[in-house]
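**Student:** My questions will all concern the structure given below.
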Amino acid sequence: MKTKNIIIIGNKSNAKLAHYYYTNDSEYNVVAFSVHKKYIKDKEFCNLPVIAFEEIEQRFPPKEYDAFVAIGYTDMNNLRKKMYQLTKAKGYSLPNYISSKCSFLTNEFIGDNNLILEDNTIQPFVSIGSNNVFWSGNHIGHDVKIQNHCFITSHVVISGFTVIENNCFLGVNSTFRDDITIKEYTLIGAGAAIMKNTEKESVHLAPRPVKLDKKSISLKI
């Protein structure tokens, strides 16, 4: 039974997914979407009204409605960070979405506006800040600390006692050894194996596959 109402901040694919998850796996009823007036192209999205962010509190007062910022990793998560801060400044509570199909085993601190999708394993003693995205199927090892405004894609493995600082992007199938620090604004590409601390705003890419000068049907496999 739906007992609370929520507005989703955004009108792109992440907002569409947030609408699906909140509708099908939460106590919340999604009532509208909201973006700044200049970004409104259609008056409806997912059959719900799109309200100008500048006017949202008049239509949906913060004392009666919660909000969720559903924006991707644009500008190393800075756009989502900006909208998170603006939405909080309007007085809205920003609940976490934690999938009922993930293994969430920590009792440590967790902030707000986190999106944690299905098949994540969050081990004991993990602490999580605010406004992070955990796409499907990640392993977050014991005693890991995730700060704020990070985007963790899919099938990422973060080993115990590692710290992920603010505004990091962790690509698909990236791996992190234990007890290291990933400094803020680090970008980790798909498949990269990180074995030591990173530097602020650094970029780490895995070796790319080599294309052989052969046809697949000529190989004996």
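**Student:** Residue under question is residue 27, and the condition is that it be among the acidic types (Asp, Glu), under 27 Å from residue 138 (Cβ atoms), modelled with pLDDT of 95 or more and more than 14 Å from the chain's Cα centre (by Cα); does it hold?
**Tutor:** Yes.
**Student:** Right, another one. Any residue in region 142-149 that is out of contact with any Cys (no Cβ under 7 Å at 6 or more places or on another chain) and over 22 Å from residue 202 (Cβ atoms)?
**Tutor:** yes
**Student:** Within the set of pairs 6+ apart or on separate chains, which have a first residue in region 75-104 that is at pLDDT 95 or above, a second that is among the basic types (Lys, Arg), and C-beta atoms under 8 Å apart?
**Tutor:** As it stands, the answer is 91/63; 94/88, since those pairs meet every condition given.
**Student:** Further question on the same structure: Of the residues 161, 151, 134, only one is in contact (Cβ under 8 Å) with a residue 12 or more places away in the chain and within 23 Å of residue 208 (Cβ to Cβ); which?
**Tutor:** On the way: 161 fails: within 23 Å of residue 208 (Cβ to Cβ); 134 fails: within 23 Å of residue 208 (Cβ to Cβ).
That would be 151, the only listed residue that is in contact (Cβ under 8 Å) with a residue 12 or more places away in the chain and within 23 Å of residue 208 (Cβ to Cβ).
**Student:** Considering each of 16, 81, 12, 2 in turn, give the residue that is surrounded by fewer than 14 Cβ atoms within 10 Å (Cβ to Cβ) and of a type outside the set (Gly, Ala, Ser). Before the answer, list the steps.
**Tutor:** Details: 16 fails: surrounded by fewer than 14 Cβ atoms within 10 Å (Cβ to Cβ); 81 fails: surrounded by fewer than 14 Cβ atoms within 10 Å (Cβ to Cβ); 12 fails: surrounded by fewer than 14 Cβ atoms within 10 Å (Cβ to Cβ).
Step by step, each of 16, 81, 12, 2 is checked, and only 2 is surrounded by fewer than 14 Cβ atoms within 10 Å (Cβ to Cβ) and of a type outside the set (Gly, Ala, Ser).
**Student:** Here's a follow-up. For residue 167, indicate whether it is buried (at least 16 other Cβ atoms within 10 Å of the Cβ) and touching a Lys or Arg at 6+ places or on another chain (Cβ under 8 Å).
**Tutor:** The answer is yes for residue 167.
**Student:** Looking at 154, 100, 174, which one is of a type in the set (S, T, N, Q) and touching an Asp or Glu at 6+ places or on another chain (Cβ under 6 Å)?
**Tutor:** The conditions single out 100.
**Student:** A further question follows. What number of residues within region 196-214 are part of a loop (DSSP other than H, G, I, E, B) and either farther than 17 Å from residue 164 by Cα or hydrophobic (A, V, I, L, M, F, W, C) (or both)?
**Tutor:** 10
**Student:** In region 1-37, what residues are touching a Phe, Trp or Tyr at 6+ places or on another chain (Cβ under 8 Å), in contact (Cβ under 8 Å) with a residue 40 or more places away in the chain and of a type in the set (Ser, Thr, Tyr)?
**Tutor:** 21, 22, 26, 28
**Student:** Among the residues in region 83-105, are any closer than 20 Å to residue 163 by Cβ and in the same structural domain as residue 187 (by TED's automatic domain parsing)?
**Tutor:** Checked region 83-105: at least one residue is closer than 20 Å to residue 163 by Cβ and in the same structural domain as residue 187 (by TED's automatic domain parsing).
**Student:** Which is crowded, with 17+ Cβ neighbours inside 10 Å and hydrophobic (A, V, I, L, M, F, W, C), of 60, 109?
**Tutor:** Criteria check complete, one pass: 60.
The values are calculated or read from the model by the stated rules, or taken from the named source; none is laboratory data. What you see is a predicted model, and the numbers here were worked out from it, not measured in a lab. We place every Cβ from the backbone using ideal geometry, glycine too, and count neighbours over all the protein chains shown.
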